[in-house]
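Reading through the structure tokens given below for one structure.
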Amino acid sequence: AAQPDVVEVDAVVIGGGFAGLYSVHVLSNKLGLDVQAFDNAGDVGGTWYWNRYPGARSDTEVNAYCYFFDEKLYREWKWSERYPRQTEILSYLNHVADRYDLRKNYQFSTQVESVVFDEESSRWTVTTDKGQRFSARFLIEAVGLLSATNVPEFPGQERFKGEMYHTARWPHEQVDLAGKRVGVIGTGSSGIQVISELAPIAEHLTVFQRTPQWVVPSRHRPIDPDLLDRIHGDYAGYHREVLYSTTAFGFPESAISAESVDEAARHDAFEKVYDDGGGFQYMFKAFNDVGTSLVANKAATDVIEKKIRETVKDPAVAELLVPTELYAKRPLCCDNYYESYNYPTTTLVDVKANPIVEFTEKGIRAGDTEYELDVIVLATGFDAVSGNQLRIFQQGRQGLSLQDKWRDRPYTYLGTMTAGFPNLYMVYGPMGPFTNQPPVHEAQVNWIGDAIQHTLEIGARTLEPTQKAEDDWMELCDEGAAQTLFPRVNSWINGANIPGKPVVNYFYMGGNAAYMDFMDADRASRFGDHFLTDGEPAKVE
Ligand code: NA7
């Protein structure tokens, strides 16, 4: 049979979320490249296209959960809420796609199945599930940190006669859960939003909890007009503040160690940030060492534990909701979460003590009890960080596949490139910074744009990190993470949520300001020391 025609383009971008859209903007509108983009979703939006579950909203303050590249856009788009709902963020991303004419570059409902580097031509062959082939010099994977869904298999799952949805594959048609008997499996960020939204309206809500998590209120309210005035008054300054911080969440982080003050002062400080709301705020606004000091960590959880016991009326239920782990997962926030357990129509099932035995025609059997349900919501999370990259077959130099290279763990340089895979860029790939994403995506895409421009300017065919640059980066990441408490608790952050996945460090935890400095240093060196051009060490000019 004849080979399908190969379409030649300058660049392929995979992903139509925050990162992919901006990648297309930079490559197409700024660098003037011919860009073909794909997303397996039916339209733009990335995570906000898929996560349409009841209660879905950003739990990052929106003044830092948006694009910064165009001040006019920032000023003109009026967010209605401090933590906008999924529908509003999706409207924003649609507006961005139209405003910068990005949609024309996309082919939607298309899964990229493989990307293979050809050493002779120094080009990537990109194959889609539609049987198409594209040949591109540059490849940008903006495939999402939390995108590949984790759908555990439960015995008898196919027998269940009701409806069942994963939070991140929620149907587009309206699913009315009011007056229904709903079961929710999972109590992470997604689960707690679903639970808080459904508790008041479900006929009965059954929560299947395996591991309780520390949750603080978000204290939803309108955006503070004074804050907006301040941002608009010094836009560049604020943008810089966001990027040159530890977490890029757009609020001032504390520089004080909890160990430097007495117990009463610690307690007061956590009460204050608790009252103000926000998960990352709770972890980073009162003190700078909640993620590294056991003393700080305990003080933080003491206050949350007290609040759980004050809020939840049934002491036995409160007991089940109080975690026994350190506060070292992705910090959660949601209004009315613990209040959800005060409805007589909410049942909390501890599936550690009473494991889910099977799904039945009518519901779920956990321990000795069958819970009858109309709808099951799987809020069971994602094969995070490396999951989506590994679902695409990727082959770099000398026939080495990413699947083989990353068998024991993912290896990257700056979370944006991996040795042996020339001109292949990742936005927020493994070993990238542990931060709020949208402003950092943008900073990474700017760096990627500069790297591509540099490659074109010097007339090179390829740019890739040296093995040493990658080894040094990995070491730095691991040293940094080892100083934190995060490796001590199992979660998607270290791969422990997926059976068989390597449980390792997946992040650079040294803060975004330092991360920006690394990117700036590469620019200053004109992508010198850490890179190979056309497979050779960069020439010293
Ligand atoms: P998470 O945070 O990974 O939470 C998944 C939840 O599902 C968590 O409570 C898990 O319990 C639970 N889970 C997963 N598999 C099972 C099985 N087999 N049985 C029972 N319970 C299970 O995912 P989210 O979608 O909430 O949030 C992910 C990120 O997306 C979030 O941090 C935001 O950044 C956006 P476990 O803790 O493993 O015992």
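Figures for the structure shown
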item	result
Dipole magnitude of the range 19-170 about its Cα centre (Cβ charges: Lys, Arg +1; Asp, Glu -1), debye to nearest 20	400 debye
Nearest-10 value in Å² for the accessible area of residue 285, using the 1.4 Å probe	60 Å²
Accessible area in the full protein assembly, largest first, 1.4 Å probe, for 211, 187	211, 187
Amide hydrogen neighbours beyond the local backbone of residue 113, cut-off 5 Å, H modeled	127, 128, 129
Other-chain or far-sequence residues with amide H under 5 Å of residue 204's (modelled H)	180, 181, 182
Mean separation of Cα contacts under 8 Å, 6 or more apart, over the residue count of the range 371-528: relative contact order %	24 percent
Positive-end residue of 347, 467, 264, charge dipole of the chain with Cβ unit charges	347
Most positive-pole-ward Cα, 334, 53, 511, against dipole of the chain from beta carbon charges	53
³J(HN,Hα), Karplus 6.51/-1.76/1.60, whole Hz, each residue of the range 516-528, x for Gly, Pro	4, 4, 4, 5, 5, 5, 5, 4, 4, 7, 6, 6, x
Table column - 3J(HN,Hα) (Hz), the range 370-385, Karplus curve with 6.51, -1.76, 1.60, x for Gly and Pro	9, 9, 7, 9, 8, 9, 10, 9, 8, 9, 9, x, 9, 7, 7, 6
Length released on extending from residue 456 to residue 34, taking residue separation times 0.36 nm less the Cα-Cα span	150.6 nm
Across 180/307; 405/501; 298/329; 405/468; 272/307; 285/329, pairs whose alpha-carbon gap is larger than 20 Å	180/307
Heavy-atom surface of the chain, accessible at 1.4 Å and reported per residue (Å²)	40 Å²
Gain upon complete extension [residue 91, residue 393; 0.36 nm per residue less C-alpha separation]	105.5 nm
Ranking by accessible area, most exposed first, for 525, 135 with a 1.4 Å probe	525, 135
3J(HN,Hα) from dihedral phi, the range 349-363, Karplus parametrisation 6.51/-1.76/1.60, rounded to Hz, x for glycine, proline	10, 8, 7, 6, 6, 10, x, 5, 7, 6, 8, 10, 4, 9, x
Residue order for 386, 80 - accessible surface, 1.4 angstrom probe, largest first	80, 386
Apportionment of accessible area to carbon and sulfur, the chain, percent (1.4 Å)	49 percent
In the range 322-377, the GluC sites (Glu not before Pro) that fall in loop regions by DSSP, at most 11 other Cβ within 10 Å	361
Distant-in-sequence amide H partners of residue 166 (H built 1.01 Å from N, under 5 Å)	378
Separation in nanometres of the label points that stand 7 Å from Cα toward Cβ, at residue 118 and residue 372	6.3 nm
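The values are calculated or read from the model by the stated rules, or taken from the named source; none is laboratory data. Keep in mind that this is a model prediction, so the values were computed, not measured. Here the Cβ is made from the backbone with ideal geometry for all residues, glycine too, and neighbour counts use every protein chain on show. Quick note on the areas: whole protein, heavy atoms, side chains included, nothing else; ligands and nucleic acids left out. Shrake-Rupley method; radii C 1.70, N 1.55, O 1.52, S 1.80 Å.
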